[in-house]
Every structure is written in C-alpha cells, then in structure tokens.
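Worksheet: one structure, shown below.
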C-alpha cells in the first residue's frame, strides 16, 4: 500500500484522528452480531470477563458524569452500543445537557435503546433550541414506532447547515429503510454538500445495502494515498457488509499504516470475521503505552471486545486502569460487549 513521508506524519495523524472520531460516533450504527474466536477455555474466559464488569460499569457511570462533554458524549454511545439499560436514567437527564453534541447523543441513544418509557422525554426534545437535537428526537420517535416523524428527519437533508445535513444522513441510514436511498443520493451529489456530508451519505447508502457504492465510491477511498480516506473506506465497506466488501477490508490488513491495519481488524471483527486478530495481538505485543489516547491504542482496545479472545482479553485490565478516560471507556465497552 501507500507509504507516508515523515514530513506528512503529523497531518496523517490529525486526519486519522478525525476519521476515528467519525467511527466512534457511529459505533452503535453497525448492529452486527459476532461470535467469539475462542483461543482458550470458554468458561474460564467468561468468568474472567465477568469479574471485570463492575469496574467497566463504574467507568461508564463516571464517563456519563464527566466534566468533559466529549467524554459524556462517548459514554452515552458506549452505553447504547452495549445495551446498558441501567444507565437510561442518567442518559435521560443528559437530554437537557448544556452541550449540543451531548444532548444529540442522549436523545439518539434513547431511540436506539428502544426506551418506550422515555417517549415523553424524547418529545420534549422536539422543541430543543438546536435543530440537530430536534431531528434526533424525530429519529428516536420513529424508532419507537411513531412513523409520522420521519418527514421531519427527511426534510433536514435540505438544510443549509452542513452539520444538520450530515446528521440527518447519519440518522436516515440508521433507520434501515432502503426506500430512503434515492434521497441519500441527492444529499451525496448536491453541489452544496461539503465533504463530511458526502462521506456520511456514502456510508448510509452502503448501510442500506446499495452495492453500487462498492465501485463508485468505497473502492476509491480504500486505494487512496491518504490514510484517513482508507479508514473511511474500511468503515463504508463494513457498512455494506457484502462478501466483496469484506474481502476488500481484508486486503487492508497489509496496509503500511498500523492505524489502518487496526481499523480493518476491528471492522472485520464487527462483521464476524476474525482474520485480523493476529494484527491486534502483534500490536499489543509491542507493549504500547495504554495511558496515551492515541489512534492506534483506541482502535486496538476497541477491537478486543469484538474479537473476544483469551490472549487479547488479558489486556483489558490494563486498559481499564489507564490514566486516560477515553481508553478506559473503550476498555469498558470491550468488556460490556462480551457480558451483556
């Protein structure tokens, strides 16, 4: 694959970080069921992971109450992906948080967690001062069976606010209705859609099963000279989840950039393909400093929960005790995925 020059390393890391944030913002979008690649005793492994659950739950609760808005937002997403129903009370309170991304994540989580008793809370968010939160409320009401609210969400794709448009494309993809593909093509091809909007539309179209995305958009991303493009291509190929797209992700396990290889391993594991387990194991064998919230650490720790092997789970204790709350949350996620 492509090699990055030393002079471009900082720019590569910055673009990869942005790509990783986009992936983390959608961790609950790929609702794939994966099995475990058991390299040890299944009973012993389960007992060891169960023993880590109290610490993981504590970390998640701390994250939900963190003074950092970014950590609160990520904690909400972890709670939703891992189905932690006991956090619904806290997440409900966060629908009135002072920070818009936190409110957005909280309202979306209530829908993703199918919290029927939260309907009145969600309805209150229809009157939120910020339109992003209002469309999140429309989305969650649709998830609760209130189909009349889909029109408000679809209309948001015409917004001149690019963040609103991108979030609308994200949420439409999460509704899993192929009838929305033509609208997402309009979003993708609109002359005034910026890159983040186009990229989100591509991923949502792929998620809805349109295999035209493989050749027309995703393949070009995967062979890009830019590492962040390759990561987003991996994400899109995973959303498409066809035999061809999974094979394309497998080729990225040979990429020259470790973050790209780890992204491929993590995405494959989400799809039930464990061919990247060795890559993640090799990374941890290099004794990375898990007190650092860098991209590679994040990808590797996040992959553990989907790979579910004895030798990788052995690193979860260290990650849970990281000095960085971001790494702690990813470790908690990897524990809770396995014990929910």
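Annotations
- Output for segment 169-209, where each listed residue is under 20 Å from the mean Cα position of the chain (by Cα), under 30 Å from residue 257 (Cβ atoms) and not in a helix (DSSP H, G or I): 208, 209
- Any chance residue 233 is more than 21 Å from residue 330 (Cβ to Cβ) and buried (at least 24 other Cβ atoms within 10 Å of the Cβ): yes
- Being at pLDDT below 55 and either more than 16 Å from the chain's Cα centre (by Cα) or in a helix (DSSP H, G or I) (or both) is a property that residue 12 has.
- Residue that is farthest from residue 270 (Cα to Cα) [pool: residues in segment 76-104 that are buried (at least 20 other Cβ atoms within 10 Å of the Cβ) and in contact (Cβ under 8 Å) with a residue 60 or more places away in the chain]: 104
- Matching residues, segment 315-326, being surrounded by fewer than 17 Cβ atoms within 10 Å (Cβ to Cβ) and outside any loop (DSSP other than H, G, I, E, B): 317, 318
- Filtered residues of segment 240-266 (kept if closer than 24 Å to residue 176 by Cα and without any contact (Cβ under 8 Å) to a residue 40 or more places away in the chain): 240, 242, 243, 244, 245, 246, 247, 248, 249, 264
- Counting only residues that are farther than 15 Å from residue 259 by Cα and in a helix (DSSP H, G or I), segment 210-227 holds 10 of them.
- Restricting attention to segment 284-301 and to residues that are more than 21 Å from residue 246 (Cβ to Cβ) and assigned to a helix (DSSP H, G or I), the residue that is modelled with the lowest pLDDT turns out to be 295.
- Selected residue (only one of 268, 329, 312, 253 is touching a helix residue (DSSP H, G or I) at 6+ places or on another chain (Cβ under 7 Å), in a helix (DSSP H, G or I) and surrounded by fewer than 21 Cβ atoms within 10 Å (Cβ to Cβ)): 253
- Taking the numbered list (1) in contact with a helix residue (DSSP H, G or I) (Cβ under 9 Å, 6 or more places away or on another chain); (2) at pLDDT below 95; (3) assigned to a loop (DSSP other than H, G, I, E, B) in turn, residue 20 passes all entries but (3).
The values are calculated or read from the model by the stated rules, or taken from the named source; none is laboratory data. The structure displayed is predicted, hence computed values, not measured ones. With ideal geometry, Cβ positions are generated from the backbone for all residues, glycine too; neighbour counts draw on all protein chains shown.
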